[in-house]
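Just so you know, all these numbers are worked out from the coordinates, no wet-lab data involved. The structure displayed is predicted, hence computed values, not measured ones. Methodologically, a virtual Cβ is constructed for each residue, glycine included, from the backbone with ideal geometry; neighbour enumeration extends over all protein chains shown.
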């Protein structure tokens, strides 16, 4: 969410960064004009209400003076005028101001965050820029299979049963592969809490509207979410129960909102949270993409990293978070690259994003396994999350960051494809063996 005062005072910069985001110049200009006009209308109403309040206060004093002078006629006229002003202040003034403020907030809430100046300008993923890479693609010595072929041959990946249970984009994991997924999640949590200093959290998986709004999943991306409490009417259309809650699309949502509507002390920052949770996404915009396998699921597990910092800390914390996520893949000895997302490929709430893309031999391609984003005070303004600087009486908005540390399902895919053997077995990465009871290899059917 943007500070309308900043927008007014930095109109050219605001419009320029919207255009860098990929918004057409005429649309960016119209957006800016609409914001300024709505804010000017709101500010005029505030000034008018203040003038009415000052007049009411002055006339209230004159009522006392008229009564002291026993001028009942003037006192009655003044009381009538004060009563009218009170009504105008409430109806024509304060109610109008609230309506205009709500309209302005709704307009501001629909505008994406502005990219930092060092973010490459581009239209889509083809304009992303490689930042660094780790390792080399493995030489397997045989034709690599994709993860779903490996998993089905193992008897540990069952898409048919999942389809009967829940429909498309679900999977049932069994046997050694189910154990391997569990091991990956436990390994990541232990790494981030034990070596990286994150506090482990087990958050609710269902949250309120205002929590989803706080991290900017609502209102713009409501069609990408699942909401509990939907019922089917007689005509087959979905109706939504008013108190229904949203299934979290990522633990970023509850973890970041832990500081909503609060004022922290500067000494508390940075706060670092991590959680391993199921995530639920409708994938409304992914029709026809990755329809086979586990790449794009309605339900998946992910280890999330969230940081709450001061503005001065957020840039360094972004680098730190990326390094923490990279360490997961380095310890698994997986080849990957880090990409700086261009302005047209970033998420709605992000100022700058690095994607980690892991190498998948079965696809002969890099695929995203983590995104690490700095959001500035964009989410904090929506959540009303502030802190009190040590040497100041005024509060400031915190900065928020989030990243995958990493997506467990995609890490499972990467291990299956990079550690596959020609006979269909899977070598267990050394770092995971303590979580697998010392098992070094998952044999077919085991």
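Below, the figures for the structure above:
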quantity: Computed FRET value (nearest 0.05) for residue 427 with residue 121, which takes r as the C-beta separation and R₀ as 60 Å; calculated: 0.90
quantity: For segment 1-54 and segment 316-332, distance of Cα centres in Å; calculated: 38
quantity: Global geometry of the chain, whether rounded, prolate or oblate, following the gyration tensor of its Cα atoms and the 1.5 cut on a/c; calculated: prolate
quantity: Among 321, 117, 206: highest mean-square fluctuation, GNM of the chain, C-alpha pairs under 10 Å; calculated: 117
quantity: Rounded D (µm²/s) - segment 368-418, Kirkwood Rh over Cα pairs, Stokes-Einstein at 10 °C, 1.306 mPa s; calculated: 118
quantity: Gain in span if fully extended, residue 57 to residue 394, counting 0.36 nm per residue against the direct Cα distance; calculated: 118.3 nm
quantity: Fewest-first ranking of 46, 111, 356, using other Cβ atoms within 10 Å as the exposure measure; calculated: 46, 111, 356
quantity: Top of 73, 55, 291 by mean-square fluctuation, Gaussian network on the chain, Cα under 10 Å; calculated: 73
quantity: Mean ellipticity per residue at 222 nm, deg cm²/dmol - from DSSP H runs of n ≥ 4 across the chain, formula -39500 (n - 2.57); calculated: -12500 deg cm²/dmol
quantity: Ascending count of other beta-carbon atoms within 10 Å, so fewest first, for 52, 246; calculated: 52, 246
quantity: Residue order, fewest to most surrounding Cβ atoms within 10 angstrom, among 166, 265; calculated: 265, 166
quantity: Rel. contact order, % - alpha carbon contacts under 8 angstrom, at least six apart, the chain; calculated: 20
quantity: The chain: most fluctuating residue of 295, 369, 63 per GNM, C-alpha cutoff 10 Å; calculated: 63
quantity: Difference of contour (0.36 nm per residue) and Cα-Cα distance, residue 142 to residue 160; calculated: 3.7 nm
quantity: Additional length obtainable on full extension of the chain from residue 48 to residue 175, 0.36 nm per residue less Cα span; calculated: 38.6 nm
quantity: Three-way shape label, segment 4-109, alpha-carbon gyration tensor, a/c 1.5; calculated: prolate
quantity: Estimated inter-spin distance, residue 265 and residue 101, nm [label 7 Å along Cα→Cβ]; calculated: 3.1
